[in-house]
Each structure stands twice: as structure tokens, then as C-alpha cells.
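Worksheet: one structure, shown below.
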Amino acid sequence: MTISGRRQAQALLVGIAALCAAAAASADPGSVAAKQVQAQQVLAQIQQIDRNLGGVVEAYNLANVRLHRIEGNLRENRKQLAVARSNLKVAQKSLAARLVTAYTTTQDNSTLAVLLGSASFEDMLNRVEAVNSTSNQDASIVRQVTSFKAAIKHHRMVLQNAHAEQQRVVAEKAAQRQRIESQLASRRQLLSSIKGQIAQIKAAEAAQQRRLEAAARSRLATETAPPVTGIGVGASTPEGSTVAPPNVHGGVVGVAMRYLGVPYVWGGSTPRGFDCSGLVMYAFAQIGISMPHSSYAQYAMGTPVSIGQLEAGDLVFFAGASHVGIYIGGGQFIHAPHTGDVVKISPLTGWYSSEFVGGRRI
């Protein structure tokens, strides 16, 4: 081989080696670029789990609300059943005594006996009145017995239905709990695969939260009244919509902000940990407003308000009312987002804007 030929061969080998190295680098899962792509994919999976999980958690909370109501109905109907049974015993005793009296008495109260046994017209009227009075009393006792028997039958049926509903809701809760725990396990597994990237993301998020909190506190300190309008260009009320009264519970914002940084705990409703509806319930309880621990149940409360009419203290709902937060003004709201996160302030933009289903003024 000539010198020029050897040089060409060497150049070709160098080029092939460079291409192989580049290909190996691009295919290496340990490379920075590959790790970033992997982290983004895993984060997208985690976000989807979080959104699904939020709906399941609030369905679980709603089942708790329904179960509490069923248990209250059961207690009330047990009391009513006991009362009906007691009343039936009294009425049955009265009826039995009246039957015994009617059977053993020697007095003949037939119409013929009344007419023939009367000493005078006035005596006859008195006898007829006595017979009618006794007859009415007997009829009243019979009606009472019939009524109390019907009440017992009704309350037994209500109790049976309530027991069946209770069993169904308990089974529903158990299935939802299993789904929650299964999704949490998947979430933990995914998180462990990108620990380094998660740490960086959390650090950036914490810095952003500090800026949002400082800005929110500064704005709230200078505001003397809730803003007339919230976000959006159109502040007018849409034709045909309900006009909500002014919000008088703006002070709940300051209460909720005391718990910024408290971890999300599904089913949580104390400062040790909140889920979204638990935070709302706890914050409103501090100003004397009782709320159910369920975003779905909370969505049925108060008066609806449009996104352009939101005021501080209004509730904001997302994703079919499976998530709830408290609007704080300035296009922001405070909420407990999902597992792995904390009570925080978020802008009503992006996903939250696209998934907004309505506001409620309590």
C-alpha cells in the first residue's frame, strides 16, 4: 500500500472511531442529555399520577362524607324504630284491655238494647252518645296500632337500605384506598429513578415559592378591601349567570397562608398535613364556617362566580372539581397540590387555567 493509501486508510479509521464515539455518547443512558430526557419523561408520568391521584383522593373523601351521613341516618332511624315499637306495645295493651272489657261486660250496647232499655227519650240520647264515644275510642286505638305497625315497617326498610348503602360505600372506600396506595407506590418508584433531578427542581420551586409568598403578603398588606375583579379581561358578569354577593370571607386567605409549607397528606385536615379539601375545610373552620371534607361536596356550596369575578376568599375548582384551592387575588390561589408537595401559592395559568371548572363564593 502506498503512503497516500495508508494515510487515507488511517483517516477513514479515525473518522469511523469518531462516529462510533459520538453514537456511543448519544446512546449512553448516563449522559447528561439522556438523563434530562429521562427526567422529563418520568416527571410527565408523575404529573399524570398526581392528577389521577387527586381525583381518587377526593372521591375517597366524598365517600367519607356520605358514610358519615348514612351513619347519622342509621342512628336516627334506630331511635325512631325504638319509639315506634314502644308506642305499638302501649297501643296493643290498650286494644287488648278494651277487647277484654267488651267481651266480659254484661252490658248490651246493641242499638236494639239502647232503644228498648231507655227509660226516656233523654236517657236514650245519653246511651247513644256513650256507645258512639266508646266506638270512637276503639277506632282510635285500632288506628294507632295500624299506624305504629306501618312506622315500624318503614323504619326497618330504611335501615335495611341504609345498611346496604353503608356496605357499598365502605367497599367503594376500600377500592379507592387500594388505588391510592398502588399509585403512591408507582410514584415513589418513579421518583427514586431521578433523585438528582428532583432535588434541583425542588430547590428551584422553593425559591419561586418564596418570591410568590413575599409578593402575596406585600399585596395583602396594602389591600384594604377585596378587589372587585379577579383575572381575565372580561370583568362583566355573563348574561344569565348568577350574581354572587360580595365576598365577606376574605380573611380566610390570611388563615390559609399560615400553613404555607405544610406537607400534602391524603385525607389530611390538620396542620400536620392537608389534602386540597382538607386545607379548605380547616381554614374556613378557623373563621367559623363549617365545610365538608370533599372538593366535590364543597363545589355544591355557596354561589357560583366566573373566573373574571373572583375575589380573595373564593374557592376555585379544577379538573371536574377533583381539586380545590382558595383564591388570594392577583391571579393566584393557595392550595395543597398533591403527594410530595406542600401547601403553596400557584398562578391561575397554564394547566390550572385550562382545567378551571368554576369558582364558588361561600
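The values are calculated or read from the model by the stated rules, or taken from the named source; none is laboratory data. What you are looking at is a predicted structure, and each value in this text was computed from that prediction instead of being measured. Cβ sites come from the backbone with ideal geometry, for glycine too, and all protein chains shown count toward neighbours. Heads up: the accessible areas ignore ligands, DNA and RNA and are worked out on the full protein's heavy atoms, side chains in. Shrake-Rupley method; radii C 1.70, N 1.55, O 1.52, S 1.80 Å.
Residues in the range 321-338: is at least one assigned to a strand (DSSP E or B), in contact with a Phe, Trp or Tyr (Cβ under 8 Å, 6 or more places away or on another chain) and open to solvent by 10 Å² or more (accessible area, probe 1.4 Å)? Checked against the condition, which is being assigned to a strand (DSSP E or B), in contact with a Phe, Trp or Tyr (Cβ under 8 Å, 6 or more places away or on another chain) and open to solvent by 10 Å² or more (accessible area, probe 1.4 Å), the range 321-338 yields at least one hit. Scanning the range 192-233 for residues that are modelled with pLDDT of 70 or more and hydrophobic (A, V, I, L, M, F, W, C) yields a total of 10. Within the range 340-361, the set of residues being open to solvent by 30 Å² or more (accessible area, probe 1.4 Å), touching a Pro at 6+ places or on another chain (Cβ under 9 Å) and β-branched (Val, Ile, Thr) comprises VAL342 only. Residues that are over 15 Å from LEU159 (Cα atoms) and touching a Lys or Arg at 6+ places or on another chain (Cβ under 9 Å) were ranked within the range 61-90; the one that is most open to solvent (accessible area, probe 1.4 Å) is ASN64.
Every residue in the range 247-305 that is crowded, with 19+ Cβ neighbours inside 10 Å, of a type in the set (Gly, Ala, Ser) and over 22 Å from LEU62 (Cβ atoms), please. Answer for the range 247-305, where residues must be crowded, with 19+ Cβ neighbours inside 10 Å, of a type in the set (Gly, Ala, Ser) and over 22 Å from LEU62 (Cβ atoms): just GLY250.
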